[in-house]
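This report refers to the structure that appears directly beneath it.
The values are calculated or read from the model by the stated rules, or taken from the named source; none is laboratory data. All of these numbers come straight from a predicted model, not from anything done at the bench. Positions of Cβ are generated from backbone atoms using ideal geometry, with glycine treated the same way; all protein chains shown enter the neighbour counts.
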Amino acid sequence: MNEKPTLEIIAPTVEEALTQGLAQLGLPAEAVSLEVLDAGTKGLFGLGGRQVRVRLTIKSDDDDEIAAPASAPYSKAATEKSSKIQKKKKSKQKAKGSATKEKGTPAGILNLVEETVSKLLFHMNMQAQISAEYAESDREGRKTIHVDIRGEDLSGLIGRRSETLNAFQYIASLMVGKEVEQWVHLVVDVEGHRSRREDQLRRMANRLSEQVIKTGRRQVLEPMSAGERRIIHIELQEHPAVITESIGADPYRKVSIIPKDS
Amino acid sequence: MKALVEYIAKLLVDHPDQVEVHEIQSDNHVRLELSVAKDDMGRVIGKKGRVANSIRALLRVAAERDGKQATLDVTEPR
């Protein structure tokens, strides 16, 4: 046939490009050769920044039958006819599957989230690595998307009491939600900051509830955001001896831990 | 900074083509004026200004990185 089947992939890193490419082709790493066309600009993501561009060339012993890059792993053994049919199917699937871009599909939304977050960071002059994934769905069956941002010098993104990070999370959720026409719940974390804070809040909740039991008097915590208060409420909701409630008005709303039999 | 506000606003509104951001520089201070279509005002301001305030928070981070201060005003379309 004509030239060797190749596939060009653009991604933040060479590894990611390779992984993506292999996934698209459905081939193991040994079956292709990798050529880096553009090493990209380090750390710069998305818009304006140059990503890595690689070309995967499918190695083949008996060449011929593996044709378009979109066609697939199985075609090798197939006869020409069936391979053509398969090719068609595959490319259709691919059109759908590049649904990475398609709105509404889980993969599409994840991609959009990563793109939106990286562009925001880019415009804020920050360099970072981003990964997004679905968390376990919560009770109401809503799916939360966790976005993890890693990089150096990102403390400015967190801000005092995570205020800036919450703003970032809110804006990113709105932008993605607008695009896919449904509310998308994002939790954005920087360098594990939120999960550390979560542990800290849980420990504090348990420590203070012991005090409440000992003294028989309520304890009022410092003002917290809705998300942080929620962590405390959930941590103590099955506690046998205390109940929790939120008092006051935002932004000074705080959790109060109360002995149950009062 | 202007690009940041523009990028956010355009993805929040129904009429991205009517999003305009003016940048007014003076010394260390950058004043940004965001104007959007009338029926998009609510989208960029939000309940109790929550959206606008969040944009301001992000803007502040971006400005600090340049050693500057920035303010954002949302203005009616002319």
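Mind checking which residues of the stretch A:177-189 are over 18 Å from B:Asp40 (Cβ atoms) and touching a helix residue (DSSP H, G or I) at 6+ places or on another chain (Cβ under 8 Å)? Working first, answer last.
Here is the first cut: in the stretch A:177-189, the residues over 18 Å from B:Asp40 (Cβ atoms) are A:180, A:182-189.
Matches in the stretch A:177-189: A:Val180, A:Trp183, A:Val184, A:His185, A:Leu186, A:Val187, A:Val188, A:Asp189.
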So, A:Glu238, is that one under 24 Å from the mean Cα position of the chain (by Cα) and either farther than 23 Å from B:Leu4 by Cα or in the same structural domain as A:Thr144 (by TED's automatic domain parsing) (or both) or not?
no
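Looking only at strands (runs of 3 or more DSSP E) that lie completely in chain B, which have at least 2 residues being at the interface with chain A (Cβ under 10 Å from one of its Cβ atoms), without any contact (Cβ under 8 Å) to a residue 24 or more places away in the chain and surrounded by 15 or more Cβ atoms within 10 Å (Cβ to Cβ)?
Numbers: elements: B:20-26, B:29-35, B:69-75.
Result: empty, no element qualifies.
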Output the number of the condition that A:Ile257 fails; it satisfies all remaining conditions of (1) modelled with pLDDT of 95 or more; (2) closer than 17 Å to A:Val187 by Cβ.
(2)
